[in-house]
Amino acid sequence: MPDPSGADEAGIAAVGADLEPGTLLAAYRSGLFPMPVRWSRSTAWWSPDPRGVIPLDGLRVSRSLRSACNRFEIRVDTSFDEVIEACADPARPHGWIDKAIRDAYRELHRLGWAHSVEAWTPDGRLAGGLYGIATGGLFAGESMFHRETDASKVALVGLVERLRAGPAGPDALLDVQWTTEHLVRLGAVDVTRSEYLKRLAIAIECPLPAAFGGDVEG
């Protein structure tokens with residue numbers, strides 16, 4: 001994989017290559033993630049500077065969000081396909097998840113690397129969720145969606161709780177790629193590329209949380 005430190009001002013380190021499982025995992029472990037670019041039919045490999053992360057001890061859970069957590073059940077990996085399809089809905093603004101991306105992450109899910117965290121209603125409806133890649137103590141969040149108010153936020157709370165309970169402890173890293181106003185309200189912060197890569201090098205050497213296939217939890 002290319003050196004993330006060589007990314008251009010937009011954060012693109014390279015364009016091209018495939019979306020095979022080995023390529024994707026090597027990218028995440030080196031600090032890159034894939035996303036199509038509008039001016040090309042190819043995939044770009046991104047390393048933004050600054051990089052958005054959510055510190056596990058910095059998640060902001062408002063009173064209303066805490067109340068919303070009581071309205072949903074959190075499940076992991078029970079409906080990955082439905083989650084990624086909802087995230088890829090072409091009606092969503094700034095949609096970027098095309099068929100090639102969906103197929104690639106479905107394969108990663110089949111192999112045990114891509115995971116969904118889901119918020120379900122008491123009557124059994126998928127109300128929201130997110131998906132991403134787990135390797136070591138890194139969870140690289142890719143996208144989230146909601147069908148009911150606060151459901152995606154509740155899924156994020158569920159994700160953070162599972163990362164906190166994992167064996168990586170304070171070395172766990174929750175990557176959200178770029179900060180947005182929405183994510184900042186939830187506690188996301190910007191870190192420099194160099195700081196992100198330092199944290200990443202530590203996180204990927206940690207064991208996986210049990211929620212995502214690890215043998216140890218707590």
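The values are calculated or read from the model by the stated rules, or taken from the named source; none is laboratory data. Remember, it's a predicted structure, so these values are computed and weren't measured experimentally. Positions of Cβ are backbone-derived with ideal geometry, glycine not excepted, and every protein chain shown enters the neighbour counts.
Quick notes on this structure:
- Inspection of the stretch 88-99 identifies at least one residue that is assigned by TED's automatic domain parsing to the domain that holds PHE145, among the basic types (Lys, Arg) and outside any helix (DSSP H, G or I).
- Candidate set from the stretch 1-25 (those that are exposed (fewer than 13 other Cβ atoms within 10 Å of the Cβ) and in a helix (DSSP H, G or I)); member that is nearest to the chain's Cα centre (by Cα): GLY22
- Sole residue being at pLDDT 95 or above, over 28 Å from ALA91 (Cβ atoms), assigned to a helix (DSSP H, G or I) and among the acidic types (Asp, Glu), chosen from GLU161, GLU205: GLU161
- Restricted to the stretch 48-84, and to residues there that are assigned to a loop (DSSP other than H, G, I, E, B) and in contact with a Lys or Arg (Cβ under 6 Å, 6 or more places away or on another chain), the residue that is surrounded by the fewest Cβ atoms within 10 Å (Cβ to Cβ) is ASP49.
- Look at (1) closer than 19 Å to ASP77 by Cα; (2) of a type in the set (Ser, Thr, Tyr); (3) in contact with a strand residue (DSSP E or B) (Cβ under 7 Å, 6 or more places away or on another chain); (4) surrounded by fewer than 23 Cβ atoms within 10 Å (Cβ to Cβ) and you find that THR179 fails only one, number (1).
- Search result, residues across the stretch 150-198 that are among the charged types (D, E, K, R) and under 16 Å from the mean Cα position of the chain (by Cα): LYS153, GLU161, ARG162, ARG164, ASP175, ASP190
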